[in-house]
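This report concerns only the one structure given below.
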Amino acid sequence: MIKKIKLDYKPDFDFLLIAIVSFEKDYKLVWDINNSLNFDFVREDDYKVFNTKSKSEQTFPSFVFKNHDQYINYRLLTNKSDQGFLLDELKNIDYLLLIRGDFLEEYDKIFQKKLQKLQSVQSAFIIEVKKLKAKDRLLEE
């Protein structure tokens, strides 16, 4: 008799997610963040996800900044591409900023306010990742 083993895996969504509304192109927004907040975002290979509805791969521009001094990693993703949305439930959002690392509890609100002060940002707000239906699309390999 073959014994069945059930894999009970629950991914860990241990990152902060900030939604950004901006009419600027991705490179202009990144330039503004880099100059205003002393970051060093660089363009990486496109972020790829598989769309189960269309059965095709979607790609989204991705920018990364790794702050080695504070042990915090930032990834800025566009939410819209020619192939659709990264998160369909957030169609009114232009960019998603994922923040991973060791930071203080109030860091999210402080950083959100810094983003909102930028001229290229119309709005920035914190999203509760656990409430998103398609949160698995934000997991990096």
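The values are calculated or read from the model by the stated rules, or taken from the named source; none is laboratory data. Because the structure is a prediction, the values reported are computed rather than measured. Reconstructed Cβ throughout: ideal geometry from the backbone, glycine too, with neighbour counts over all protein chains shown.
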So which of T59, T78 is over 13 Å from the mean Cα position of the chain (by Cα) and under 21 Å from D45 (Cβ atoms)? T59
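Quick check on my filter: what residues within the stretch 74-97 are assigned to a strand (DSSP E or B) and crowded, with 20+ Cβ neighbours inside 10 Å? Give the steps one after another, and end with the answer.
Here is the first cut: in the stretch 74-97, the ones assigned to a strand (DSSP E or B) are 74-78, 80-81, 84-85, 95-97.
Residues satisfying the conditions are Y74, R75, L76, L77, T78, Y95, L96, L97.
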Go through the stretch 117-133 and give me each residue that's of a type outside the set (G, A, S), closer than 22 Å to E89 by Cα, more than 14 Å from the chain's Cα centre (by Cα) and surrounded by 14 or more Cβ atoms within 10 Å (Cβ to Cβ). V121
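If you scan the stretch 98-113, which residues turn out to be acidic (D, E) and either more than 16 Å from the chain's Cα centre (by Cα) or buried (at least 17 other Cβ atoms within 10 Å of the Cβ) (or both)?
Once the filter is applied, which keeps residues that are acidic (D, E) and either more than 16 Å from the chain's Cα centre (by Cα) or buried (at least 17 other Cβ atoms within 10 Å of the Cβ) (or both), the stretch 98-113 yields D102, E105, E106.
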How many residues, within the stretch 54-82, are over 19 Å from V121 (Cα atoms) and basic (K, R)? 2
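Name the single residue, out of those in the stretch 41-57 being under 27 Å from Y71 (Cβ atoms) and surrounded by 14 or more Cβ atoms within 10 Å (Cβ to Cβ), that is modelled with the highest pLDDT.
Among them, the one singled out is F41.
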Given Q58, Q70, which one is farther than 19 Å from V129 by Cβ and assigned to a loop (DSSP other than H, G, I, E, B)? Q70
